[in-house]
Every structure is written in C-alpha cells, then in structure tokens.
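Reviewing the structure listed below.
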Amino acid sequence: MNTQNCDVVIVGAGFSGLYLLHRLRGLGYSVRVFEAGDDVGGTWYWNRYPGARCDVESMQYSYSFSEELQQEWDWSERFSAQPEILEYANHVADRFDLRRGIEFSTTVTAAHFNEESQRWTVTTDKGESLSAQFCVMATGCISAAQTPEFEGLADYRGTTYHTGNWPHEEIDFTGKRIAVIGTGSSAIQAIPVLAEQAEHVTVFQRTPNYSLPSRNGPMTEDYANSWKDNYAALREEQRHTPKGALGEFRNISGIGAADDERATAYEERWDRGGSALLGSYRDMLVDESVNETAAEFVRDKIRTIVKDPQVAELLAAKGYPIGTKRICIDSGYFETFNRDNVALVDLNDTPIDRITPNGLATTGRSFDFDAIVFATGFDAMTGTLFKIDIQGLGGATLRDKWQAGPRTYLGLMTEAFPNLFMITGPGSPSVLTNMMVSIEQHVDWVTDCLEHMRADGLATIAPTLPAQDEWVEHVNVVAHRTLFPKAASWYMGANIPGKPRIFMPYVGGAGTYRKICDDVVADGYKGFDFLPGTDRVAAAE
Ligand code: NAP
C-alpha cells in the first residue's frame, strides 16, 4: 500500500471541509481532502429531493470569510433552493481553487492514531493510506441516511428513494402512485412538490410536526443590499446571537404577556415567515406555558388551513413542545392536504407492518404504490463518524468510547484521540444554529489551534478527561433546563433503535459558546494537554 504524508487530512468537502481547506492551504499546510460524493457540497450534494430548500435566509446562510465573495454572489430567493446552494458551493470551490485538493468518490474507511509517530494513518476505500499529523472530521451532522429495517423491502417491485440520498437525474413522477414515509423537514418540503407531479401521494405519518410557512419569494435588490452594504457589522452581530441568525430573537419573557401583545407578535412572525415565531419570547423553549401558547397558535393555523377537520387534527402536533423537534419550514405543506390526490395515513394505531411486492401494508390495510419515498431521517451527529473505524490511544475505538453516548470537549475533540478534530461535533451548538456561522467558528478555532501548535513546536493536542467530563455534564445540565429533552427527537438519538438517549447538541447558544471557546484559548487552552514534538524532546535531552 502506498503511504503518503501530509499535515492534515480532512474528511468531507461540504461547507466545513471547503472552508477548512481554504484556510489551511493559505497558511502553507499540506492538506488532503477525501469526499465520498463525486463533487463538493456535502448535505446539499446528497439531499436533492424535490422541494429541498434551506430554512435559514440565504443572506445569512452563506460564508462570511471573504468580502469579495459575499459581495459578488447574488441569491435569487429569500430561502435558497438546493440547486442554488449547490451552485454556490461549486462557485466557492472554483473561485478559491479548492478542487485540486480534493479526492472525490473516495470514502475514508479507517483512521488510526499511531502512538510512536504521533500521527494518524488514514485509509480509504481506494486502498490509499496517508500519514497525517492532524485528522479533521468535516463529515456533517446529518449525513448518514436512515432507512428503517422494514420486512419485505428487498422484494418490493417498485422504486424506492431516500430523501437524504436522492438520485442526480430528474425523476418524473407523472402518473405514479407514491408513498411518502415520514413527516419531518424533508417530507414536509418534498410532499407539496411531489403532489403536483404524481397521480396520487399517500403520506404515512407517525408523529405530526410543527411547521411554519417560509413565505419564500424572490430576493429583492433592496433586501440584498441591506445586507451587502453592511455585511461586516451584521455578520459580527450574527456571531454573538443565540442562533447565529439575526432578526429572530426578542429578549423578553412570554410569562404573563398580554393576550393582544402575544397575538400580535405571533401573527406578525407567522406572516414574516421562517422560524421567527420561535424567537417571539426568550423563554419559548424553557417555559411550558409560554411554549404551549405558540404551539396552540400553530395548531389553530392548521385547523384554518386544512379543510377536513379530521385531517387537520391529525396534522396538528401535540404531546411535545413546539421547537423541541427541529421546527419545519414549509411552502404550502398543510394546504397540500386539501388536494384530491393527497391522503394522510395515521400510523399510531396501525403501524407499517411490512413492505409488500406491490406497496406496503400497515397492520390495518394494504396499499399499492409505484414508488416509496423514505423521508425517514438520519443517524445524526454520530452515525457518520461510526461508519469510520476510528482508533485512538491504546487502539480504543470511538464507537466503544461513545457507547453510552458521544463525549467531547466543546464538541471539538474527544479524550484519547489526539489531533482528531470534529467540525460542529456533538456537544457544540451546530444544528441548533445557523450552520454556516458555527462552521466558520469551528474552522477558525481549529486553524488558530494548529497555528499555535506550529509556533510552539507542539506535536499533539487532546482534551483532558476531567475537562471533557465537565463539558459533557454542562451540556447535559443546560439541555435539561430547557424543554428540548421532552421530545423524542433525533437531537436525543430517539429516532435510531438502541441509540443512547443523550441530548447531543449544546443549547447554550452560538454567541455564548463562541465566548467559551475564546476564553479557553485565552486561558492557555484550558482543558487541553499538549505534547511537544520529537524535535523538541530531542533538543531538551
Ligand atoms: P426527521 O426529521 O428525522 O424525520 C423522519 C421522519 O420519518 C419522522 O416523521 C419519523 O417519524 C419518520 N419515521 C422514521 N422511521 C419511521 C418508521 N419506521 N415508520 C414511520 N415513520 C418513520 O428527518 P428529516 O425530515 O430528513 O430531517 C432531518 C433533519 O435534517 C431536519 O430536522 C433538519 O435539521 C434537516 N433538514 C433541514 C432542511 C432545511 O434546511 N430546510 C430540510 C430537510 C432536512 P417519528 O417522528 O415518529 O420518528
């Protein structure tokens, strides 16, 4: 096997990997990037299902690291659709000449830390092996698509799709009878578009989701310029907000809010579109009574939109607080259930029993379908990491170390795995924030750390066990001060049978978290241990 050397291996060429490659190469590091897809874009490369769209405004869901880039790029809509975001990722790759550093269609299968050389040996499915001082997992939080193990799936005669792994070619559903399994963000975006094409769509729902209208529309020059004219200041402000996004959060309590004030706030934010409604009160995700007012407001909207009262009631989420499962942002989702060619099947009393050769059977009834769309989500935050055989000190595997749930320090590193970084790993705010802001913060932190190590001739960095234990405890404590753990969400690992129920992202907010990371550095990388390089050891001897 041919083994080559480099300073840094990056796994993944999504927005994390691209920016990290750009930063590190600019500082003279030798970097190799491996990407399983045949092009850049990460989540936006894989999730090509009809209707896929970002739920953060385009002017905010974009890189801030280059003033030229943010001035020259024009978004066509307020919330960009997947093809345009993918085009943007491609533009970034070309503009900053990133492609030549990336090995496409290549999956990293193993990463082992060699204690003698203090380097990582990274192996790919192409049989390539690399020795690198640092290994960075830029693998994304929701990239391991999950299809439930339905009996009979192998014998199904129709076509199956997963929203998280959608084919690259255009699929024509004209005249087809389609099943959609799941009602998460992906399904909620796909169903209205599929319903316009297909002869009939049957939606199989286990848990209804809260969804808010996007009010998407064409980008106006005025709105784009209101950002572009002031980007530096607005981006800086964004970085210190809880969600890494502006225009959403009112720092007032909803406890005891007057009925008319509340009604006005909710109506205004419902009309504005996006997730702004959740930012109406600072205690929306902390106080159940405040939360219930917003939840009921949304249920009432569904009852107004959906003509069949029984269907409306089935679609109206109950039993968990709004926002504790990732809020969905839709374009005409509830309205779609007023169409004659769309039916809703409630799986609560009659779950899916099996896939049949011609369709599927619940415990109550059989259905025939030409195609089944699995919108059944992802093994989030840990699934992709566990697909790689990662071994640290003493041959310990990440999978074993995290058997009871992920354990990290700041979501950046994990004890006993020196020089292995994660971008937006479990224990960091990641999916609870505007990912672009969190990605840039992590990439900058890691880059600064490598520069610090280079300047001081340090060979390895790893968090101490006490620092990690304290952080894991803190992540858990702050999560349980909120309503988040009340929902059986993928944030909690609840969608994967047997996965430990741990609230994985850090709820403290992007701004607070950034300050914690900066303070750790200012305090001499508090909670991290460094080992000097062998040159330095030799010199000291
Ligand atoms: P998801 O939110 O995990 O939804 C999966 C759906 O499949 C749920 O409704 C789930 O029901 C259902 N399901 C799973 N197994 C099932 C089974 N055996 N039988 C019946 N139903 C089953 O996944 P997703 O919609 O792909 O979204 C994942 C995340 O990706 C989102 O939360 C969001 O963070 C991100 N995303 C973002 C965007 C955007 O930016 N606009 C778009 C799409 C996705 P239960 O709830 O009952 O488990």
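Going by the structure shown, is Ala154 open to solvent by less than 20 Å² (accessible area, probe 1.4 Å) and either in a loop (DSSP other than H, G, I, E, B) or more than 8 Å from the ligand (Cβ to nearest atom) (or both)? Taking the combined requirement at face value, the residue does not satisfy it.
State all residues of segment 402-416 that are touching a strand residue (DSSP E or B) at 6+ places or on another chain (Cβ under 9 Å) and of a type outside the set (S, T, N, Q); if no residue qualifies, say none. Outline the logic, then answer.
Taking segment 402-416 as the starting set, the residues that turn out to be touching a strand residue (DSSP E or B) at 6+ places or on another chain (Cβ under 9 Å) are 402, 405-416.
Residues satisfying the conditions are Trp402, Gly405, Pro406, Arg407, Tyr409, Leu410, Gly411, Leu412, Met413, Glu415, Ala416.
Using the structure shown, decide if Ala198 is of a type in the set (Gly, Ala, Ser), more than 30 Å from Ser30 (Cβ to Cβ), assigned by TED's automatic domain parsing to the domain that holds Val298 and more than 9 Å from the ligand (Cβ to nearest atom). Criteria met by Ala198. Taken over segment 1-48, the residue count meeting the criterion of being among the hydroxyl-bearing types (Ser, Thr, Tyr), closer than 12 Å to Thr139 by Cα and part of a strand (DSSP E or B) is 0.
Regarding Ser131, is this residue at pLDDT 95 or above and either surrounded by 20 or more Cβ atoms within 10 Å (Cβ to Cβ) or within 15 Å of the ligand (Cβ to nearest atom) (or both)? No.
For segment 378-401, a residue qualifies if it is open to solvent by 10 Å² or more (accessible area, probe 1.4 Å), more than 16 Å from the ligand (Cβ to nearest atom) and either assigned to a loop (DSSP other than H, G, I, E, B) or aromatic (Phe, Trp, Tyr) (or both), and the qualifying residues are Phe386, Lys387, Ile388, Ala396.
Only one of the listed residues (Ala276, Ala195) is surrounded by 14 or more Cβ atoms within 10 Å (Cβ to Cβ) and touching an Asp or Glu at 6+ places or on another chain (Cβ under 7 Å). That residue is Ala276.
Filtering segment 175-192 to residues that are over 28 Å from Asp38 (Cβ atoms) and open to solvent by 20 Å² or more (accessible area, probe 1.4 Å) leaves Gly175, Arg177.
As a summary of the residue check, Phe249 satisfies the conditions (1) modelled with pLDDT of 95 or more; (2) under 27 Å from the mean Cα position of the chain (by Cα) except for the one numbered (1). On inspection, Asp39 fails the criterion of being of a type in the set (Asp, Glu) and within 16 Å of the ligand (Cβ to nearest atom).
Listed by position, the helices (runs of 4 or more DSSP H) enclosed by segment 427-541 that each have at least 3 residues that are buried (at least 18 other Cβ atoms within 10 Å of the Cβ) are 435-456, 465-480, 510-522. Scanning segment 290-304 for residues that are farther than 24 Å from Thr482 by Cβ and either crowded, with 21+ Cβ neighbours inside 10 Å or touching a His at 6+ places or on another chain (Cβ under 9 Å) (or both) yields a single hit, Ile302.
The values are calculated or read from the model by the stated rules, or taken from the named source; none is laboratory data. Worth saying up front: this structure is predicted, and the values here are computed from it rather than measured. Counting neighbours? That spans all protein chains shown, and the Cβs are built from the backbone with ideal geometry, glycine included. Accessible surface areas use protein heavy atoms only, side chains included; no ligands, DNA or RNA. Shrake-Rupley method; radii C 1.70, N 1.55, O 1.52, S 1.80 Å.
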